[in-house]
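Peer 1: Dropping a structure here in structure tokens format, bear with me for questions.
Please treat every number below as a calculation from the coordinates, not as lab data. These numbers were taken from a predicted model, which means no experiment stands behind them. FYI the Cβ positions are ideal-geometry reconstructions off the backbone, even for glycines, and counts take in every protein chain you see.
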Amino acid sequence: MAGMISAANLGGIADPRIGHEADIIGTEEEHHTSKTAGDIPPNYDGPNEHHNIPAPILAGKDSIYLDPSITFENYVFWANRSREYEKTIRTDDKGFAAWASMLMGKKKSPIESQDATPPTPSENANEKENSDEKKTETDPADMTVKNEATDNYGVTETEWEQAQRAARTATWGSIFYLITTDILGPTNVPWAISRMGYGPGFALYTVFGIMAAYSGMQLWKIFVGLDSTRFPMRNYGDMAFRVFGSSARIVVNVLQSFQFFLNVSLLITSNGQGLAQMVEGENGKGFLCFIVAEVIFMVIGFVLGQIRTLQRLSFLANIAIWLNVIVIIMTMAVVHQYPPNYAAVQASYPTIKKGPVVTSANWPASSTLNDKVNAMMNAVFAYGGATLFNELMAEMRRPYDFWKGFICAEIFIYACYLIMGMVVYSAQGQFTFNPAYQGIPDSAYRFQTLGNAISFITGVIAALLYGNIGIKVFYSSVLRDVFHFPHWTAASASGSGSVSIQNILTTAVPIYWVLAWIIAAAIPQISNLTSFVGAACILQFSYTFPPMLLVGYNVQRDAMLPEERFNPQTGQAERVDSGVKRWIRGYKKKFVWNTFDIIYSAAALSCAGLGIWASVVAMHTDFAESALTPFTCANPAG
């Protein structure tokens, strides 16, 4: 993750740098229902028949996000229609392609600068080429007429669908940037490698990286197969709902909310350590009680969490990214010029005695099973960005292009992890600390403080995101969608007047942060707490759920037969069979891959159980062997 925690771990929402999505969670605007004539792209001409299908219901128990009566065939039909349309959308005038054209000196004519007019699926290849050269202007006065155009199915594209498409603007180049900056955060990689050695560390980060890429591609395949402008997919919970139903959605959303909460605890712990370390000073005579440092950060978090809008904070998120890059480069350079931070290691790991730096090509002799598993779970945490992928794809002009940015980002992230991990471990050996910049000794206080100060700033930015978004996501995804609470903007009678539901935020944010502080203060062990979050939450979203969801998707998709009929007017499908017989037929279509994915998902779930056990045992062991206690005043970073 970028720093210790990033926007990727928010999962249930779109990245705040993309636009104003974070501000409108829990409101009608969340679904891009508001639009102007200028936002609607030019429509295309189709057959003369007009079969108006009304826009879907967005709120209440009959919402498209909660309605179990919507058939799988309905999702697939509209997804195919959206993907067919997106093939006509130009991408060479945006992102990396546009930069390349500019650098090569290519100039676009006014006609070329416009998006292609999308053809109907019935047009032949020559007609498509001709349509690419047309320029269609949309007159607001004629909007009603233009919006009645139909495709060869005789289905009208509603203004609502067009507004949905107009809101999707991201290219694969921006996806590369967002995935890289959100997932990249190698400050815990050196510690993990110090518990595994060069060989196992390289092997495990490689394997986890490959499997994370495989899982990401699985999510991509499901998304392009089920998302459409008529039934847009907002988040991970929507994907689980469309494949396995309401129960799966509840499990995913509750687990995401739990992950958000624990991420706040990690922020409090890591920044409490940094603040106490900064106050200590170069001579080591300064002192700030660790629990007080955590309280200070907690107060800053929930005070800033009262801010209601995040739309103007995108520049801060971008600044935080480059600040983290400074910390990474600085740490790799400084650790080779100064000795390890023995005081910090002794405070958190008293069994590691001061001595010469020792590195290992294989598993270190002192490494226990708990150490090995916890190191693996830190590697899992490092690749934990899958919860964000659905949100990123939902913002793309052409979601099918997601794989380009994703693969490039995974390769870049993998290289950064191994470079920083190996560089720092080679300098500090068994004394490598987590996070790496706090392993810089007091003799290099100015560099240590630079790392802590920058990380504190980026932590405060993350705190602002969590304080504002965490509660909204829990309310929107769990309380509203599961228990049918009203929208944030709904008003309820109270006494002599009406009170906005959004006022709950003022009370909820401090409670949320206080509870997170209790967890952070009770478990002042950042490596073990990170391992627990990685095993209990992130491993599920990155490794357990994707193959499980893909098997469910494949079974239903492959069970569809050519003789079966689907009526887009009613949304109903005529199936030749149902139940177990249908599932078996669908499973056999990709028998080898489905079986592999089931084994993969079961193995990931087993690793999660092992990781939870190891992190809990390690917490108990460290409390028994070190001077650290719950609600301690001593700084775990020395």
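Peer 1: Quick query: amide H of Asn635 versus all other amide H atoms, modeled in the peptide plane; which residues come in under 5 Å with a sequence gap of 5 or more or a different chain?
Peer 2: It is Phe290, by chain and number.
Peer 1: Sorted by packing (mean other beta-carbon atoms within 10 Å per residue), highest first, where do 333-342, 518-527, 555-564 land?
Peer 2: Descending packing order for the listed peptides: 518-527, 333-342, 555-564.
Peer 1: Taking the highest mean first, how do the peptides 361-369, 450-458 order by number of other beta carbon atoms within 10 angstrom per residue?
Peer 2: Ranked from most to least packed, the peptides come out as 450-458, 361-369.
Peer 1: Testing the spin-label approximation: label points 7 Å from Cα along Cα→Cβ at Gln337 and Val357. State their distance in nm.
Peer 2: Between Gln337 and Val357, the simple spin-label model gives 1.4 nm.
Peer 1: Taking the beta-carbon count within 10 Å as an exposure proxy, list Tyr512, Tyr383 from fewest neighbours to most.
Peer 2: Final ranking by Cβ density, sparse to dense: Tyr512, Tyr383.
Peer 1: Using unit Cβ charges (K, R positive; D, E negative) and no other charged atoms, how large, in debye to the nearest 20, is the dipole of the range 373-456 about its Cα centre?
Peer 2: Its charge dipole is roughly 120 debye.
Peer 1: Quick query: amide H of Ala170 versus all other amide H atoms, modeled in the peptide plane; which residues come in under 5 Å with a sequence gap of 5 or more or a different chain?
Peer 2: HN-HN under 5 Å from Ala170: Met396, Arg397.
Peer 1: Using θ = phi - 60° and the Karplus curve 6.51 cos²θ - 1.76 cosθ + 1.60, what whole-Hz ³J(HN,Hα) does each residue of the range 186-203 get, with Gly and Pro shown as x?
Peer 2: For the range 186-203, the Karplus curve yields x, 5, 9, 5, x, 4, 4, 5, 5, 8, 10, x, 4, x, x, x, 4, 5 Hz.
Peer 1: Label Val482 and Val295 with points 7 Å out from Cα along Cα→Cβ: what is the distance between them in nm?
Peer 2: The two pseudo-label positions are separated by 3.3 nm.
Peer 1: Same structure again: Could you calculate the FRET efficiency of Trp593 with Asn283 from 1/(1 + (r/R0)^6), where r is the beta carbon distance between them and R0 is 51 Å, rounded to 0.05?
Peer 2: The formula returns an efficiency of 0.25 here.
Peer 1: My understanding is that a pair violates if its Cα-Cα distance is over 32 Å; which of Lys87/Lys590; Lys404/Lys581; Lys372/Lys590; Lys221/Lys581; Lys472/Lys581 do that in this structure?
Peer 2: Over 32 Å Cα-Cα: Lys404/Lys581; Lys372/Lys590; Lys472/Lys581.
Peer 1: Using θ = phi - 60° and the Karplus relation 6.51 cos²θ - 1.76 cosθ + 1.60, list the HN-Hα couplings for the range 551-564 in order, rounded to whole Hz, with x at every Gly or Pro.
Peer 2: Once θ is set to phi - 60°, the couplings for the range 551-564 become 4, x, 5, 4, 4, 6, 5, 6, 7, 6, 10, x, 7, 6 Hz.
Peer 1: Tell me, Leu610, Leu66 in order of fewest to most beta-carbon neighbours within 10 Å?
Peer 2: So the residues, fewest neighbours to most, are Leu610, Leu66.
Peer 1: Looking only at the range 226-245, which residues have a backbone nitrogen under 18 Å from a spot 7 Å from the Cα of Lys87 in the C-beta direction?
Peer 2: Counting only backbone N, you get 226-229.
Peer 1: I'd like the distance between the alpha-carbon centres of the range 229-279 and the range 528-545, rounded to an integer number of Å.
Peer 2: That distance is 11 Å.
Peer 1: Sticking with this one: Taking the beta-carbon count within 10 Å as an exposure proxy, list Met239, Met619 from fewest neighbours to most.
Peer 2: Met619, Met239
Peer 1: Related question: R0 = 30 Å: FRET efficiency of Val576 with Ser246, Cβ-based, nearest 0.05?
Peer 2: 0.70
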